[in-house]
1. Would you mind getting the accessible area per residue of the chain, heavy atoms of the protein chains only, 1.4 Å probe, in Å²?
2. Size of the dipole of the chain about the Cα centre, Lys and Arg at +1 and Asp and Glu at -1 on the beta carbon, nothing else charged, in debye to 20?
3. With a sphere of radius 11 Å drawn around the Cβ of Leu30, what net charge do the other residues whose Cβ falls strictly inside it have (Lys, Arg +1; Asp, Glu -1)?
4. Return the FRET efficiency for the residue pair Asp94, Asn255: r is the Cβ-Cβ distance, R0 is 30 Å, and the value is rounded to the nearest 0.05.
5. Can you pull the one-decimal nm distance between simple spin-label points at Val190 and Met68, each 7 Å off the Cα toward Cβ?
6. Among DSSP beta bridges lying fully in the chain, give the percent that are antiparallel, nearest 5.
7. Give the shape of the stretch 4-113 as rounded, prolate or oblate, defined through the alpha-carbon gyration tensor: a ≥ b ≥ c are the square roots of its eigenvalues, a/c under 1.5 means rounded, and otherwise the shape is prolate if a/b is larger than b/c and oblate if not.
8. Please go through the residue pairs Lys147/Lys214; Lys35/Lys205; Lys48/Lys172 and name each one whose alpha carbons sit more than 23 Å apart in this structure.
Amino acid sequence: QDSLGRRLSSGINAEYGGLQCVYEHESSILKCNMKFGCFLPPQHEKKKNLPVVYFLSGLTCTEQNFIMKSGFQKYAAKHGMVVVNPDTSPRGFDFPGEHDSYDFGSGAGFYVNATEDPWKNNYRMYSYVTGELPSVLASNFNINVNKSAISGHSMGGHGALISALKNPGKYKCVSAFAPINNPSECPWGVKAFSGYLGENKGAWKQYDATYLAKEYDGPKMEIMVDQGEEDPYLADKQLLPENLSNACSGNKLLNLNLRIQPGYDHGYYFITTFIEEHFTFMARHIC
């Protein structure tokens, strides 16, 4: 037990010369205990001011999915990056309907600050990811908060994009795998935003990457997005990468590299195939 909280003994594993850990701490923003994965590369014992990558996961995930399935540790170790991946929602409240569907409530926080009852006091994942979690890390690890990048998958890709676009300069670049690019216009997003933010669609734009990209006026930023061509959610119009592409093409401050990958779907086989390239991309900006 220390100022960070509890490092779970079941979540400490040596990997590629570093340590893959899982921590649990009390979140003042979410008002519950939260777990997050933290990979400490081999350099963490001797080198200070290490760069940090945040990875946000998708619907139904916990902190475990990215740790167990992506294979990122090899590339984080190579580049000397600390990698942090939080859970996808607050836990332990049992609000009415919180556990009834995979795409709203537990495991589906959508990285927004809810304004509607009963969610508004706890479902504040945007502030947790962009505010509280970086502060916890800076107080407990040898990281350089000025060398940060953010990435994510699906709902987490949406979270990564909005975090970078809403905080110019905080993250030196952003990458995403099959992100929800325009949640205001897709079924997943409409359901989540209606529940968390209410029916006023004007309030949704502050958490929609397509709208944020149109208005972005910070430092020039590179965005890397991979999208599987055989992704069923692409065909179902849940992801809408063309809308983000159009928004970025109209903003000279944003350089979007959208890669449509033939033969790949929405899952972790897709992620493991391209994770090295995403870490190389991020390393170019923060290492």
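1. Details: 11730 Å² over 287 residues.
Averaged over the residues of the chain, the accessible area is 41 Å².
2. Values: 26 positive and 29 negative charges, 240 e Å.
Its charge dipole is roughly 1160 debye.
3. On the way: positive: Lys31, Arg91, Arg124; negative: Glu26, Asp87, Glu132.
Net of charged neighbours comes to 0.
4. Values: r = 44 Å, r/R0 = 1.47.
Efficiency for this residue pair is about 0.10.
5. Here the modelled spin labels are 3.4 nm apart.
6. Details: 21 of 47 bridges.
In the chain, approximately 45 percent of DSSP beta bridges are antiparallel ones.
7. Numbers: a/c = 2.36, a/b = 1.94, b/c = 1.22.
Since a/c reaches 1.5 and a/b is larger than b/c, the shape of the stretch 4-113 is classed as prolate.
8. Beyond 23 Å: Lys147/Lys214; Lys35/Lys205.
The values are calculated or read from the model by the stated rules, or taken from the named source; none is laboratory data. Every value quoted in this text rests on a predicted model; they were computed, and no experiment measured them. Positions of Cβ are generated from backbone atoms using ideal geometry, with glycine treated the same way; all protein chains shown enter the neighbour counts. Just the protein is used for accessible areas: all its heavy atoms, side chains included, with ligands, DNA and RNA removed. Shrake-Rupley method; radii C 1.70, N 1.55, O 1.52, S 1.80 Å.
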